[in-house]
There are 2 protein chains.
Amino acid sequence: MSRGPRRSGTIDAVTSTATDTASRPLAGSPFLEACAGRRGSRTPVWFMRQAGRALPEYRALREGVPMLESCARPDMVVEITMQPVRRYAVDAAIFYSDIVVPLKAIGVDLDIVPGVGPVIAHPVRSAADLAQLRPLEPDDVSYVTEAVRALVAELGPTPLIGFAGAPFTLATYLVEGGPSKEHARTKALMLGEPELWSALMGRLAAISAAFLEVQVEAGASAVQLFDSWAGVLPRRHYDAHVAPWSAQVLGRFAGRVPRIHFGVGTGELLGSMADAGADVLGVDFRVPLDEAARRVPGRVLQGNLDPAVTLAPWDVVEREALGVLDAAEGLPAHVFNLGHGVLPATDPGVLQRVVELVHERTAR
Amino acid sequence: MSRGPRRSGTIDAVTSTATDTASRPLAGSPFLEACAGRRGSRTPVWFMRQAGRALPEYRALREGVPMLESCARPDMVVEITMQPVRRYAVDAAIFYSDIVVPLKAIGVDLDIVPGVGPVIAHPVRSAADLAQLRPLEPDDVSYVTEAVRALVAELGPTPLIGFAGAPFTLATYLVEGGPSKEHARTKALMLGEPELWSALMGRLAAISAAFLEVQVEAGASAVQLFDSWAGVLPRRHYDAHVAPWSAQVLGRFAGRVPRIHFGVGTGELLGSMADAGADVLGVDFRVPLDEAARRVPGRVLQGNLDPAVTLAPWDVVEREALGVLDAAEGLPAHVFNLGHGVLPATDPGVLQRVVELVHERTAR
């Protein structure tokens with residue numbers, strides 16, 4: 001197993017998107033226009049975790065169905081992915097899944113425990129433990145193919161964003177054995193056993209890429225790589241031990257579909273995450289978009305209303321959302337989103353008003 | 001209740017420290033020299049959470065004693081505060097306590113639940129709930145006075161750092177009712193009910209300041225204000241709704257003892273936290289000290305070895321610790337520390353070697 005792939009170095013412009021979609025219902029999609037660096041008919045909006053916890057229709061559907069089962073049933077995946085599109089008229093759908101779905105699909109013994117998160121039966125801490133991680137084949141996730149195909153047909157003019165966890169974030173769950181605040185075992189393995197780390201990240205990069213590939217092959221119009229926990233690393237560790245593997249995943253889709261790259265608390269990492277591959281760089285709520293633009297000039301940015309703001313009265317939500325639009329003015333293009341996932345306590349009516357507000361204020 | 005105190009604007013140099021301590025055993029303390037902006041005989045070292053979980057002698061002493069009880073028994077406080085000083089020969093002791101001790105002392109119904117953290121019986125979410133928060137009187141924490149006096153006598157030439165949670169971090173526990181990942185209720189209250197927020201923060205600032213005052217009056221040589229969760233806020237919210245109250249606490253000690261101001265994930269807030277009051281600014285492990293120095297030029301910095309690094313083999317720990325020293329070279333002075341608290345799994349022998357390494361490499 002090699003120590004690391006070559007970094008792609010440059011970001012390929014997604015020049016082909018508009019052409020590819022010209023004859024399809026996606027032509028003129030505000031989301032795809034923004035991904036291509038153009039200010040289209042309006043600023044597009046979608047919300048991370050829009051499919052899920054905040055929606056009563058989601059909670060009703062999920063009643064009695066464990067998380068991982070819901071991700072493996074094409075009918076549920078389609079319905080849950082569609083719910084926020086119907087309710088909010090967002091400009092993109094995000095494929096409903098979970099970060100650990102591809103691991104489950106290759107036979108890793110894990111479960112998502114309500115109130116806890118993913119729990120791994122046999123954490124990965126030695127070379128022998130890597131045997132759990134065989135490559136992901138399309139047949140392992142035929143339900144994903146089926147769901148994406150059905151979704152693309154049903155979505156019509158609304159693009160579908162493919163979803164996957166980045167190698168580092170997957171590694172944290174595997175090494176820690178579950179969710180963690182400090183990610184201390186992961187960091188210790190990364191720094192203390194670089195050969196084992198590289199072997200682990202190589203396998204995870206292949207799995208993450210294969211999971212996205214299935215979605216793109218079935219018709220997803222973009223991908224978002226979620227490196228949720230990358231922000232726990234100082235930049236030099238991210239650069240040495242994480243970026244090459246994320247670049248490997250993202251490089252596979254360069255010039256094919258727009259690639260969104262996102263992590264939480266990654267203000268110090270924005271330049272590195274952009275270099276690793278990002279037609280659109282997701283920014284969490286801690287860094288104003290104009291400041292993010294100073295760190296990664298000329299980049300299309302996605303974000304970044306603090307999800308907690310949606311719990312405040314509407315006048316506050318409106319002020320903060322308009323503040324995000326103001327901060328995005330100097331960008332080549334902007335994909336409006338939250339700076340992290342929708343909170344379970346958020347009133348869907350507030351998100352609906354946010355969509356209307358952004359559309360109304362940015363209509364061109 | 002007013003909306004906010006005036007910001008002090010300037011940071012008063014702690015010119016009096018060296019004079020005050022000249023005739024006392026603290027004269028020439030590397031820690032106090034560094035706090036005053038001077039490179040003394042060596043770079044001082046101490047570790048956040050050095051008193052506690054990683055030490056077998058601490059775990060033995062705490063057996064069967066609940067956390068809050070251990071903080072209220074002067075004999076235990078003295079012993080636990082001393083343990084790391086004896087073992088590591090660190091350059092400063094940090095007063096053993098917990099962030100919620102002053103709240104407990106004024107009668108807030110709370111407990112520290114093992115494996116969970118502080119749990120508040122009646123969260124503060126309305127003006128009526130503020131009645132729980134009366135001012136802290138020295139008599140409420142006579143055990144603190146007693147313990148600090150005993151410690152100062154026993155510590156001799158090693159300075160004692162006073163300990164308190166900052167108003168915002170205290171507020172998060174009170175509003176959420178316990179530990180939280182998103183701090184969503186706190187943010188919603190802060191933005192949605194600014195009058196209530198100000199009233200809450202005003203009371204907490206007074207409590208936090210009074211808790212530190214007791215320690216300083218009894219002989220503590222410095223204070224550290226822990227705003228552990230400030231990093232969950234965008235800077236403009238920190239500036240408007242948090243900084244004035246932290247400045248009120250820290251301003252009280254300006255020119256009296258050195259003030260260390262610290263929070264986790266505060267890379268975006270360093271300038272604001274420095275402005276709020278910091279003779280020494282604590283930096284978490286995400287921002288290299290040379291980069292932090294670019295954000296707050298001329299400032300004495302404390303930090304910032306990633307605590308997770310201490311779980312790696314010694315050659316990695318050594319390389320990373322030396323990297324911190326290198327990054328600190330351009331500072332007026334540097335207080336070596338971790339970038340967050342000692343992890344329970346850390347081998348105390350490793351911390352001891354870190355102290356020796358820093359002392360040896362910086363001896364002047």
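The values are calculated or read from the model by the stated rules, or taken from the named source; none is laboratory data. Because the structure is a prediction, the values reported are computed rather than measured. Using ideal geometry, Cβ is built from the backbone for each residue, glycine included, and neighbour counts are taken over all protein chains shown. For accessibility, only protein heavy atoms count, side chains too; no ligands or nucleic acids. Shrake-Rupley method; radii C 1.70, N 1.55, O 1.52, S 1.80 Å.
Assorted remarks:
- Options A:Val309, A:Val296; residue that is of a type in the set (Val, Ile, Thr) and facing another protein chain (nearest Cβ under 9 Å): A:Val309
- Scanning region B:227-237 for any residue that is in contact (Cβ under 8 Å) with a residue 12 or more places away in the chain, farther than 21 Å from A:Gly341 by Cα and open to solvent by 10 Å² or more (accessible area, probe 1.4 Å) turns up at least one such residue.
- Selection within region B:325-340 - closer than 16 Å to B:Arg299 by Cα and in contact with a helix residue (DSSP H, G or I) (Cβ under 7 Å, 6 or more places away or on another chain): B:Leu325, B:Ala327, B:Ala328, B:Gly330, B:Leu331, B:Ala333, B:His334, B:Val335, B:Phe336
- Answer from A:Gly303, A:Gly323, A:Gly298 - the residue that is assigned to a loop (DSSP other than H, G, I, E, B) and modelled with pLDDT of 95 or more: A:Gly298
- The one condition from (1) over 16 Å from B:Pro44 (Cβ atoms); (2) in a helix (DSSP H, G or I); (3) open to solvent by less than 10 Å² (accessible area, probe 1.4 Å) that B:Val342 does not meet is (2).
- Failed criterion for B:His334 (all others in (1) buried (at least 22 other Cβ atoms within 10 Å of the Cβ); (2) within 14 Å of another protein chain (Cβ to nearest Cβ) hold): (2)
- Any hit, region B:240-250, residues being closer than 20 Å to B:Val324 by Cβ, without any contact (Cβ under 8 Å) to a residue 40 or more places away in the chain, away from every other protein chain (no Cβ under 11 Å) and among the small types (Gly, Ala, Ser): no
- A single member of A:Ala105, A:Ala51 is within 18 Å of the chain's Cα centre (by Cα), small (Gly, Ala, Ser) and surrounded by 19 or more Cβ atoms within 10 Å (Cβ to Cβ), and it is A:Ala51.
- Some residue of region A:287-294 being small (Gly, Ala, Ser) and under 25 Å from A:Ala51 (Cα atoms): no
- Pick from region B:264-289, criterion assigned to a loop (DSSP other than H, G, I, E, B) and open to solvent by less than 10 Å² (accessible area, probe 1.4 Å), ranking: nearest to the other protein chains (Cβ to nearest Cβ): B:Val287
- Test: A:Val65 is surrounded by fewer than 21 Cβ atoms within 10 Å (Cβ to Cβ), hydrophobic (A, V, I, L, M, F, W, C), over 20 Å from A:Leu250 (Cβ atoms) and modelled with pLDDT under 95: no
- Long-range neighbours under 6 Å by Cβ, at least six apart or interchain, first residue open to solvent by 40 Å² or more (accessible area, probe 1.4 Å) within region A:109-137, second among the small types (Gly, Ala, Ser): A:Asp109/A:Ala121; A:Val119/A:Gly178; A:Pro135/A:Ala206
- Looking across A:Glu213, A:Glu176, one residue alone is surrounded by fewer than 24 Cβ atoms within 10 Å (Cβ to Cβ), within 14 Å of another protein chain (Cβ to nearest Cβ) and either of a type outside the set (Phe, Trp, Tyr) or in contact with a Leu (Cβ under 6 Å, 6 or more places away or on another chain) (or both). It is A:Glu176.
- Within the span defined as region B:319-332, one or more residues are touching a residue at least 60 places away in the same chain (Cβ under 8 Å) and of a type outside the set (A, V, I, L, M, F, W, C).
- Residue pairs meeting the criteria (Cβ under 9 Å; at least 6 apart or on separate chains; first within 18 Å of A:Gly263 (Cβ to Cβ), in region A:39-52; second of a type in the set (Asp, Glu)): A:Trp46/A:Asp91
- Filtered by the rule that a residue be within 12 Å of chain B (Cβ to nearest Cβ), open to solvent by 20 Å² or more (accessible area, probe 1.4 Å) and aliphatic (A, V, I, L, M), region A:312-326 gives no residues.
- Residue within region A:256-278 that is over 22 Å from A:Ser208 (Cβ atoms) and aliphatic (A, V, I, L, M) present: no
- Subset tally (residues that are at the interface with another protein chain (Cβ under 8 Å from one of its Cβ atoms) and open to solvent by less than 20 Å² (accessible area, probe 1.4 Å)) for region B:187-205: 3
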